[in-house]
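Below is one structure, written out as structure tokens, with a few remarks after it.
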Amino acid sequence: MKDLTVRFEHGYPGFGLEVDLHLPSRGVTAIFGPSGSGKTTLLRLIAGLERAADGYLSVADAVWQDGQPVTAKDVVYTFGLIQDRNYPGPGDLAALWRSVKVDALDAKTVRFTLSEPYAPFLDFLSTGLLPEHLLAGVGVKELDTLPFNLKPVGSGPFAVETVIVEGESIRGVTLRPSGKYYGSKALLDRVDVLYYPTQSDAFAALEKGDATGLGGLSVDELNAALKNPKYRIYTARLPQSSLIFLNLKNTDVGFFAQREIRKALLSAIDRQRIIDNVLGGQAVPAVGPILPGSWAEDPNLQPLAYDPGEAARLLEQASQLAEGNQRQLSRNQALIKSELTDLAEQGHLVPDRPFCQVGQLALDQRLIA
């Protein structure tokens, strides 16, 4: 445990908490006060179980692996590279950071000023930092040409010992515990990270024993690995989702603007069967655009069940609300079938029974995966 500097402003209706203190690493620090004074709230804020409205918590002696302190200048420099017009990374990430003002208020305090409220912003603060004291004046275009890339200096629990280079490509990296790390000592004495041209090459190396672990498996590789008792397989949700966007303003498919039509389509798709047959069971049905586990997720929402009968009822209800009744329903069904057929031609073919069906109307036997 290292020294902690804690500055928090937090509150609830009828209660406010302002904290500015330094907690030493040695001895015992006692927090006392009457019931309702904020003792539990303070501990929850320090532990990360609750987010403060404002403030920060810092480890006082965080240092780079060359012994220099980690400071606010490192934060400003790192995010300044992403803001650079020559930044070669994702355009949407650069656009976001170009709208943010980053200021160092002192050696340990950074202020981010956003142009507008943006709830997911905290997720974008997990970017690894670069040491400003070693790279000051180096622009983003010059970074990939520096010797620093083969002898990097970080601030984490592991330091780069060797870099394996073949031609102009890095083949692998060997990591050792860093003696300068300010947190708990790493439990592994050595980690070798190997790079392969393709996912199948990496899996072949695992099969041959050239590698002892692999992150990410295709469905076929997962099925093969599950049959091999020497592997221990762990699974976790990826922060990604697959969506179908419907243009509600396109008059050629104006029926998509009807809530009943959209709900009927979702009720008609056997998403669990798509997951089981196409994705090897490695997915969960979505209940909306917010990913499971996010702070913004509503735990009370439940996935819409696969129910072709309900889908047919909703389509019939939608047609009765529209002019033309049965003619409109027939036109809707034909257009929906056409749209799904076009999508199916780009997807997986599973011929035994349709993934999507509405009453007596089989929309397509080869619905997209």
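Annotations for the structure displayed:
- Kirkwood hydrodynamic radius computed over the stretch 154-223 comes to 13.9 Å, based on all pairs of distinct alpha carbons.
- Straight-line reach from K185: taking Cα to Cα under 27 Å and skipping same-chain neighbours fewer than 8 places apart, the lysines in range are K2, K73, K108, K151.
- Listed by chain and number, the lysines whose alpha-carbon sits under 23 Å from that of K249, ignoring those within fewer than 8 places in the same chain, are K263, K337.
- For the Cα trace of the stretch 212-280, dividing Rg by the Kirkwood Rh returns an Rg/Rh value of 1.19.
- Those lysines that a straight Cα-Cα span of less than 30 Å connects to K227, excepting residues fewer than 8 apart in one chain: K208
- For the stretch 128-215, the solvent-accessible area of protein heavy atoms averages 66 Å² per residue (probe radius 1.4 Å; ligands and nucleic acids excluded).
- Alpha-carbon Rg/Rh ratio, for the stretch 44-189, with Rh computed the Kirkwood way: 0.98
- The Rg/Rh ratio for the stretch 62-115 is 1.04, where Rg is the radius of gyration of the alpha carbons and Rh is the Kirkwood radius.
- For the stretch 34-41, Karplus couplings with θ = phi - 60° (6.51, -1.76, 1.60), whole Hz, Gly/Pro x: x, 4, x, 7, x, 4, 5, 4
- Probing with 1.4 Å while keeping every protein chain in the model, the per residue accessible area of the stretch 216-318 equals 69 Å².
The values are calculated or read from the model by the stated rules, or taken from the named source; none is laboratory data. Computed from a predicted structure; not experimentally measured. Note: areas computed on protein heavy atoms with side chains; ligands, DNA, RNA excluded. Shrake-Rupley method; radii C 1.70, N 1.55, O 1.52, S 1.80 Å.
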